[in-house]
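The values are calculated or read from the model by the stated rules, or taken from the named source; none is laboratory data. Note that this is a predicted model, so its numbers are computed, not measured. Quick reminder, even Gly has a Cβ in these numbers, built from the backbone with ideal geometry, and neighbours come from all protein chains shown. Only protein heavy atoms, including side chains, enter the accessible area calculation; ligands, DNA and RNA are left aside. Shrake-Rupley method; radii C 1.70, N 1.55, O 1.52, S 1.80 Å.
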Amino acid sequence: GVKLLLRGLCPNTTVKFLDLKGNNLRTMGAEALGKLLRQNKSIRSLILEWNSLGVWEEGFSFFCQGLAANNFLQRLDLRNNQINHQGAGELAMALKQNASLQELDLRWNNIGLLGGRALLNCLHSNRTLKRLELAGNNIPSDILKAVEQTLDHNQDRQAILSETQNRAYVLSKEILSLKDEKTKQFLDLMDTIDKQREEIAKSGRMSAARVRQLQEALDEQHSIMNSLKAKLQMTEAALALSEQKVHNLGELLNATKQEQTSMVERHFVELQQQKQEGVDREGKLLRDLSAASEKNLLLRNQVDELEKKCRVQQDQLFQVKQDLTNTTAELKLRAVQAEERLEVEKRRFKQSLEDMESLRVKEVDHMTQHIEASERSMQERIQRLEAVRIALEEELSQVKAAALTERGQAEEELIKVRNQARLEEQQRLEHLEEKLQLMTESRDEAQSCCLKQKQVVADAQARANQLSLHADGLRRRLEELQQDLNSKEEEKVTEVNKVKVELKEQIGHLQAERIAQEGLREKIAALERQLKVLSSNHREALLDKEGEISMLLEKLRMKEADISRMREEEAQRASFLQNAVMAYVQGSPLGTHSSRK
């Protein structure tokens, strides 16, 4: 069952704690445990208490070989397993090769003096074992003390190594963080410079596009001006045509007046002829003639009325001329008012220019304040870096002081070890002659321990020297980093100054372009206003003249209708007169006498 269980655990990667206490494992179980320790890489704690593994020497040796090949086990419990000095020797050989075991419990076994010495010898080469329990194994107290001292020394050594490693790791992290901060700062500066350049390029493009748009707008406005000029010429031509039409209408009115006078004269001649004929023919027709005279008077009254109407029309024409003069005067007044408005707009434009200059001054002050704030932040970052450098120098001094203290502690430990070796030699000389060989061996072992400790001290000194060299290298790196920082700061300052100069130049160019664009815009607005005023005035004049022309045409139509009515009425009256004369002639005695004849 143990074989199957341990075979199943060989490829396992999740089990970390294995407790097989009190299972009476024998040679087969010990061999299976050796295979497990060779193949498994996950078990960290193994408890084998009350299994009497030391009785089976072959199986225990196989178990020790597996322990020597394992580099993952950290805790091993072998209490009450009847391990003798041979098993302890095999364990010692395994511990010399093992580099992961930290706790080993061998209490209540039969290790004895030889096994204790073997374990003590293996501890000089094993530097990972921190805890070794050897109570209840018939081991002398001096060996137990030596084991405890070596374990304490191993613990101190591992603590020093861990501290030095931690400090080196912390220093490397800080150096990397400083490098990252510096690279980030440099990259941020480069990004800001690139962004500023891009913004400057964008502003230049936008200004160029705006200038193009303004030029296009100016071209369009020039074209509009040309079209308006053409429209003005057309309106002037239309006004000339309307004046010609008015002149023609005046001529037509004069012609109508002449026709009316000629018609009146004709009617008057015809009436005189009729009167003379009536006087020659019949004297009796005086009454009719008197009636005809009365009718002639009526006709004269009508003619007078017609003359009055003609005079009224002349008065209306005179009023039209006065209206034309008034409209011309109004146009002149409007032109004067437009000039006054242009002067007012010029004053407003000057005020707007002054406001724009004040805004520009404010924007320049804001930009200078922003640049000063950025410079202050850069100086604060430089001060922080200097503080970090001072802290690193302090840490280096602390590391040196710690190395010096460690060196002093190592020397004190050497002195203590030497004193302890001398005491052990004196105690061993007091033993019986039977243990002389053992004492010589122990003396040789003590000498070897001293040599190893000297080697350890030399290693510690070499490490201290390495630490000092590392500290010197760190100082040099700090100096190099400071030099890099200074050079980068100088480059940043130069770049910032260049950027400031470029920004100032571009701001000046942009302001000049803005002023020119504003002047063009104001000129364009003034021209548009003038064009609107002129177009509105011309439209009003044209509308007024068209209305007057329509009124004159209506008046002419009315007069023509009146003339046609007058002609019809005169024709009817002439026919009535002829009929009356004929009836009178037929009804008179002369008419009867002539009819009789």
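Here is a check on your reading of the model: is N70 at positive phi and modelled with pLDDT of 90 or more? Reasoning before the result, please.
Values: at positive phi: no; modelled with pLDDT of 90 or more: yes.
Spelling it out, it is not the case that N70 is at positive phi and modelled with pLDDT of 90 or more.
Output the number of the condition that A99 fails; it satisfies all remaining conditions of (1) open to solvent by 40 Å² or more (accessible area, probe 1.4 Å); (2) aliphatic (A, V, I, L, M); (3) more than 60 Å from the chain's Cα centre (by Cα).
All conditions are met except number (3).
Suppose the filter is among the charged types (D, E, K, R), within 21 Å of K452 (Cβ to Cβ) and modelled with pLDDT of 90 or more; does K130 pass it?
no
Restricting to the stretch 520-576, name every residue that is at pLDDT 80 or above, closer than 20 Å to E243 by Cβ and within 52 Å of the chain's Cα centre (by Cα).
none
Provide a single number: the residues in the stretch 380-397 that are within 35 Å of the chain's Cα centre (by Cα) and either not polar (S, T, N, Q) or not in a helix (DSSP H, G or I) (or both).
Qualifying residue count for the region: 9.
If I83 meets every condition in (1) open to solvent by less than 10 Å² (accessible area, probe 1.4 Å); (2) out of contact with any Leu (no Cβ under 6 Å at 6 or more places or on another chain); (3) farther than 22 Å from G115 by Cα apart from one, which number is that one?
(3)
Contact list please: Cβ distance under 7 Å, first residue in the stretch 142-157 and within 25 Å of L438 (Cβ to Cβ) and open to solvent by 30 Å² or more (accessible area, probe 1.4 Å), second residue of a type outside the set (S, T, N, Q) and not in a helix (DSSP H, G or I), pairs at least six apart or on different chains.
From residues that are within 25 Å of L438 (Cβ to Cβ) and open to solvent by 30 Å² or more (accessible area, probe 1.4 Å), the pairs are L144/L134.
Out of all the residues in the stretch 21-52, which are open to solvent by less than 20 Å² (accessible area, probe 1.4 Å), within 15 Å of D77 (Cα to Cα) and of a type in the set (A, V, I, L, M, F, W, C)?
Residues satisfying the conditions are L25, A30, L33, L37, I43, L46, L48.
Residues being over 30 Å from R514 (Cα atoms), open to solvent by less than 50 Å² (accessible area, probe 1.4 Å) and of a type in the set (A, V, I, L, M, F, W, C): count how many of those fall in the stretch 203-236.
The qualifying residues number 2.
For A118, work out the one condition from (1) at pLDDT 90 or above; (2) open to solvent by less than 20 Å² (accessible area, probe 1.4 Å) it doesn't fulfil.
Looking at each condition in turn, A118 falls short on (2).
Taking the conditions exactly as written (closer than 30 Å to L239 by Cα, surrounded by 14 or more Cβ atoms within 10 Å (Cβ to Cβ) and either of a type outside the set (D, E, K, R) or touching a strand residue (DSSP E or B) at 6+ places or on another chain (Cβ under 8 Å) (or both)), does S535 satisfy them or not?
It is true that S535 is closer than 30 Å to L239 by Cα, surrounded by 14 or more Cβ atoms within 10 Å (Cβ to Cβ) and either of a type outside the set (D, E, K, R) or touching a strand residue (DSSP E or B) at 6+ places or on another chain (Cβ under 8 Å) (or both).
Report, by residue number, each residue of the stretch 335-345 that is touching a residue at least 60 places away in the same chain (Cβ under 8 Å) and open to solvent by 100 Å² or more (accessible area, probe 1.4 Å).
Across the stretch 335-345, the qualifying residue is only R341.
If K435 meets every condition in (1) surrounded by 11 or more Cβ atoms within 10 Å (Cβ to Cβ); (2) more than 20 Å from V147 (Cα to Cα); (3) at pLDDT 70 or above; (4) charged (D, E, K, R) apart from one, which number is that one?
(3)
Please identify the pairs in which a residue from the stretch 523-537 that is closer than 20 Å to Q215 by Cβ and assigned to a helix (DSSP H, G or I) has its Cβ atom under 9 Å from the Cβ atom of a residue that is among the charged types (D, E, K, R) and open to solvent by 40 Å² or more (accessible area, probe 1.4 Å), counting only partners at least 6 apart or on another chain.
Taking only residues 6 or more apart or on different chains, the pairs are A525/E345; A526/E345; A526/K346.
E394: within 30 Å of H153 (Cα to Cα), out of contact with any Phe, Trp or Tyr (no Cβ under 7 Å at 6 or more places or on another chain), modelled with pLDDT of 75 or more and exposed (fewer than 11 other Cβ atoms within 10 Å of the Cβ), yes or no?
yes
Consider T328 against the criteria (1) open to solvent by 60 Å² or more (accessible area, probe 1.4 Å); (2) under 36 Å from the mean Cα position of the chain (by Cα); (3) modelled with pLDDT under 75: it satisfies all of them except one. Which criterion is unmet?
Failing condition for T328: (2).
For I139, indicate whether it is open to solvent by less than 70 Å² (accessible area, probe 1.4 Å), in contact with a Gly (Cβ under 6 Å, 6 or more places away or on another chain) and either closer than 25 Å to N81 by Cα or in contact (Cβ under 8 Å) with a residue 60 or more places away in the chain (or both). Walk me through how you get there before you give the answer.
Details: open to solvent by less than 70 Å² (accessible area, probe 1.4 Å): yes; in contact with a Gly (Cβ under 6 Å, 6 or more places away or on another chain): yes; either closer than 25 Å to N81 by Cα or in contact (Cβ under 8 Å) with a residue 60 or more places away in the chain (or both): yes.
Judged against the criteria, I139 is a match.
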